[in-house]
Amino acid sequence: MVERNLDWRTLQLVKEGWEALEESIEPGLLNDYLVERTSIQIAEAIRARIDDAWNSHCDVKFPSLKERLMPHLSPMTIRQFLRELGSAIAHPATITMGGAASLVLRGLLSRATEDVDVVDEVPAEIRDEQEILQELSARYGLRMNHFQSHYLPRDWESRTIDFGTFGKIQVRLVDALDIIAGKVYSARPKDLDDFRVLSLNLNKEELRQRVLQGSSSLISSDQNRRQAITNWYIVYGDDLGLSLNSGAGDSP
């Protein structure tokens with residue numbers, strides 16, 4: 001039952017929140033998550049109140065709400081994707097995962113991503129199974145992708161962990177600090193957002209050392225170094241200790 005004494009701003013928030021849910025979830029699924037009759041009654045009650053209420057309800061008062069309501073990828077979905085892929089391929093393969101999916105898989109990050117990123121290249125045993133990959137991509141919303149290891153700190157290989165076997169696929173994971181250290185150098189907003197979200201649960205000084213141990217191809221770029229300095233300052237508000245030249249450390 002909808003509270004009859006809601007103030008207009010709270011009622012507007014409920015209305016726009018409901019509309020955001022309707023747009024972010026496939027048609028019909030919203031009622032599957034809730035008791036169907038109750039959800040319909042709630043929607044009808046909100047719309048009836050809006051139709052009868054002040055004209056101010058016709059305007060959008062929370063414009064960023066729909067953009068901030070994003071679907072999240074669950075660790076279970078990634079596990080199921082890997083199990084089905086590992087059961088379908090003809091030959092055994094080993095992958096080393098990094099990127100956001102690796103962090104989601106460990107429960108460290110909660111957000112949407114379409115990529116299961118592996119280091120350097122997708123093994124031929126998986127890459128050659130295009131029909132299987134296309135089918136799984138359509139059903140899970142995930143695709144196998146790769147990134148270059150030069151985005152990771154030096155000696156990253158020695159810190160990977162065994163995450164288990166999924167069918168014929170042996171999965172190893174890049175250390176979380178190494179993944180975030182690479183994101184510190186990134187100009188992509190989503191990488192900065194991952195850094196921001198995880199920063200409170202990271203060992204700051206250990207992360208600083210990993211950033212300073214960036215690969216030679218990564219750290220040799222003035223643009224990359226400047227980006228790392230800026231991102232570190234945004235998140236922590238202090239100096240990373242990385243110089244832009246051969247002189248002393250710089251700041252934004």
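The values are calculated or read from the model by the stated rules, or taken from the named source; none is laboratory data. None of these values were measured; they are calculated from a predicted model. Cβ atoms come from the backbone with ideal geometry, glycine included; neighbour counts cover every protein chain shown. Ligands, DNA and RNA are stripped out before the accessible areas are found, and what is left, the full protein with its side chains, is counted by its heavy atoms. Shrake-Rupley method; radii C 1.70, N 1.55, O 1.52, S 1.80 Å.
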From the residues in segment 163-178 that are under 19 Å from the mean Cα position of the chain (by Cα) and free of Cβ contacts under 8 Å to residues at least 40 places away in the same chain, which one is least open to solvent (accessible area, probe 1.4 Å)?
-> Leu177
Is at least one residue of segment 145-160 farther than 16 Å from Asp120 by Cβ and of a type in the set (Val, Ile, Thr)?
-> no
Give the residues of segment 98-117 that are open to solvent by 60 Å² or more (accessible area, probe 1.4 Å) and of a type in the set (S, T, N, Q), sorted by residue number.
-> Ser110
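Looking for something in a loop (DSSP other than H, G, I, E, B), open to solvent by less than 60 Å² (accessible area, probe 1.4 Å) and of a type in the set (Phe, Trp, Tyr) - is there at least one such residue anywhere in segment 179-192? Quick ask: steps written out before the conclusion?
Looking only at segment 179-192, we keep the residues that are in a loop (DSSP other than H, G, I, E, B), and these are 185-188.
Retained after the next criterion (residues that are open to solvent by less than 60 Å² (accessible area, probe 1.4 Å)): 185-186.
Right, trim to of a type in the set (Phe, Trp, Tyr) and you get 185.
Yes, that holds for at least one residue.
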Per the list (1) of a type outside the set (S, T, N, Q); (2) modelled with pLDDT under 95; (3) touching a Phe, Trp or Tyr at 6+ places or on another chain (Cβ under 7 Å), residue check on Asp117 breaks on (2)
Residues in segment 208-252 that are open to solvent by 50 Å² or more (accessible area, probe 1.4 Å), in contact with a helix residue (DSSP H, G or I) (Cβ under 7 Å, 6 or more places away or on another chain) and at pLDDT below 85: how many?
-> 4
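Residue-wise test of (1) modelled with pLDDT of 95 or more; (2) under 22 Å from the mean Cα position of the chain (by Cα).
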| site | (1), (2) |
| --- | --- |
| Val14 | no, no |
| Leu21 | no, yes |
| Ser24 | no, yes |
| Val35 | no, no |
| Ala43 | no, no |
| Ser64 | no, yes |
| Ile89 | yes, no |
| Val104 | no, yes |
| Thr113 | no, yes |
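Of the residues that sit in segment 76-97 and are small (Gly, Ala, Ser) and in a helix (DSSP H, G or I), which one is surrounded by the fewest Cβ atoms within 10 Å (Cβ to Cβ)? So that I can check it myself, show each step before the final result.
In the first step, residues of segment 76-97 are kept if they are small (Gly, Ala, Ser); the result is 86-88, 90, 93.
Those still in the list that are in a helix (DSSP H, G or I) too: 86-88.
Details: Gly86: 19, Ser87: 12, Ala88: 16.
Across segment 76-97, the extreme among qualifying residues is Ser87.
Where residues in segment 137-154 are assigned to a helix (DSSP H, G or I) and touching a helix residue (DSSP H, G or I) at 6+ places or on another chain (Cβ under 6 Å), which of them is surrounded by the most Cβ atoms within 10 Å (Cβ to Cβ)? It would help to see each step written out before you state the result.
First, the residues of segment 137-154 that are assigned to a helix (DSSP H, G or I): 137-140, 149-151.
Restricting the remaining residues to those that are touching a helix residue (DSSP H, G or I) at 6+ places or on another chain (Cβ under 6 Å) gives 140, 150-151.
Details: Tyr140: 18, His150: 14, Tyr151: 22.
Looking at residues that are assigned to a helix (DSSP H, G or I) and touching a helix residue (DSSP H, G or I) at 6+ places or on another chain (Cβ under 6 Å), I get Tyr151.
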Quick one: how many residues across segment 1-11 are in a helix (DSSP H, G or I), of a type outside the set (Lys, Arg) and either at pLDDT 70 or above or open to solvent by 80 Å² or more (accessible area, probe 1.4 Å) (or both)?
-> 1
Hits in segment 125-136 (condition: within 16 Å of Lys168 (Cα to Cα) and open to solvent by 40 Å² or more (accessible area, probe 1.4 Å)) | Glu125, Arg127, Asp128, Glu129
